[in-house]
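> Please read through the structure below; I'll follow up with questions.
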Amino acid sequence: MEIAGSVLSHSLTLLADASHMGTDVAALGLAFIGARIAQRREGAARHFGNLRWEVLAAMVNGLALFVIGLLITVEAIDRFDHPRVINAALLGAVATAGLVVNLISLRVLHGHHDENLNARGAYLHILGDVLGSVGAIVGAVVIHYSGWMRVDPIISVLVSVLILRSAWRLVRTSGLILLDRVPAHLRPAEVEHRLMAVDGVTRVHDLHVWTVASGLIAMSAHIVVPDLASHPGVLRLLEHEMSHMGIRHVTVQLETGDECVGELCGDAEGSGTELSAHQGHAHHHSH
């Protein structure tokens with residue numbers, strides 16, 4: 001509807017809004033597929049990889065927003081130099097209808113947009129549509145009463161700036177997750193301090209903290225606990241400390257001596273025990 005209206009009214013603002021709404025369908029479909037794949041339970045190794053589909057889908061959504069914003073800006077610059085005659089009445093009617101649909105969609109997503117990156121991406125898409133529709137309505141009013149056609153590309157640029165800003169946030173967040181960066185609200189030094197505070201722990205090394213997917217932070221570490229008999233109890237305390245920091249997936253290799261250093265610590269000679277805890281379930285592997 002909006003595409004036909006943009007062609008008939010010659011409005012770039014309406015065309016931008018229509019293009020943005022068109023990508024929403026693809027974005028929501030991609031988000032749905034990503035969420036379905038992420039929910040598969042095909043073993044721990046594949047499950048961790050599947051969780052990244054959600055983040056990858058969010059990245060694609062953000063890149064799509066970037067492309068749309070840039071195309072709108074380029075076309076707006078051209079139209080500012082060569083303004084088109086716009087049918088204000090048709091522009092306003094189509095934009096109002098689009099605004100009603102977008103507000104309904106926004107209401108449905110409200111309250112869920114912080115659940116994961118895909119939900120946030122979908123919410124940003126719809127929010128951009130709402131802003132585009134509002135901008136088109138404002139443009140229609142200005143053109144109807146003043147006849148100033150350049151307001152159309154001006155509003156289009158303003159909408160594209162908002163789109164690009166949202167796109168940058170989404171791409172940056174998903175990109176940091178794909179790069180296994182430490183979550184912004186956590187510091188490795190603080191995590192190490194909490195681990196060292198557990199009774200029986202004498203040393204922590206090879207500590208890694210990263211985000212697997214939205215809401216799932218993981219950590220792994222080599223931790224020296226000289227008393228072998230205390231390892232099960234220490235593991236429970238370590239998991240408890242990490243849960244207070246929002247770290248849900250904990251993998252710990254417990255060692256009895258300080259002679260083992262470096263990333264290949266688990267392959268070194270000497271007694272050691274690897275204990276892994278994931279969401280409250282402990283697994284024991286003997287070396």
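> Enumerate the calculated ³J(HN,Hα) couplings along the range 217-231 in order (Karplus 6.51 cos²θ - 1.76 cosθ + 1.60, θ = phi - 60°), each rounded to whole Hz, writing x wherever the residue is Gly or Pro.
9, 10, 8, 9, 6, 9, 10, 8, 10, x, 7, 4, 5, 8, 4
> Still on this structure: Starting from 0.36 nm per residue, how many nanometres of slack lie between Thr202 and Val85 once their C-alpha separation is accounted for?
34.5 nm is the gain from fully extending Thr202 to Val85.
> Something else about it: Report the FRET efficiency, 1/(1 + (r/R0)^6), for Ala93 and Arg169, where r is their Cβ-Cβ distance and R0 is 30 Å, rounded to 0.05.
My answer for the efficiency is 0.35.
> Sorted by packing (mean other beta-carbon atoms within 10 Å per residue), highest first, where do 185-194, 72-81 land?
Put in order of decreasing packing, that is 72-81, 185-194.
> Please report how far the C-alpha centroid of the range 171-220 lies from that of the range 50-68, rounded to the nearest whole angstrom.
Rounded to whole Å, the Cα centres lie 24 Å apart.
> What is the extension gain from His193 to Thr256, computed as 0.36 nm multiplied by their sequence separation minus the C-alpha to C-alpha distance, in nm to one decimal?
20.7 nm is the gain from fully extending His193 to Thr256.
Since every read-out is calculated from the coordinates, none of them should be taken as a lab result. Keep in mind the model is a prediction, meaning the values are calculated, not measured. Neighbour counts run over all protein chains shown; Cβ positions are idealised from the backbone, glycine included.
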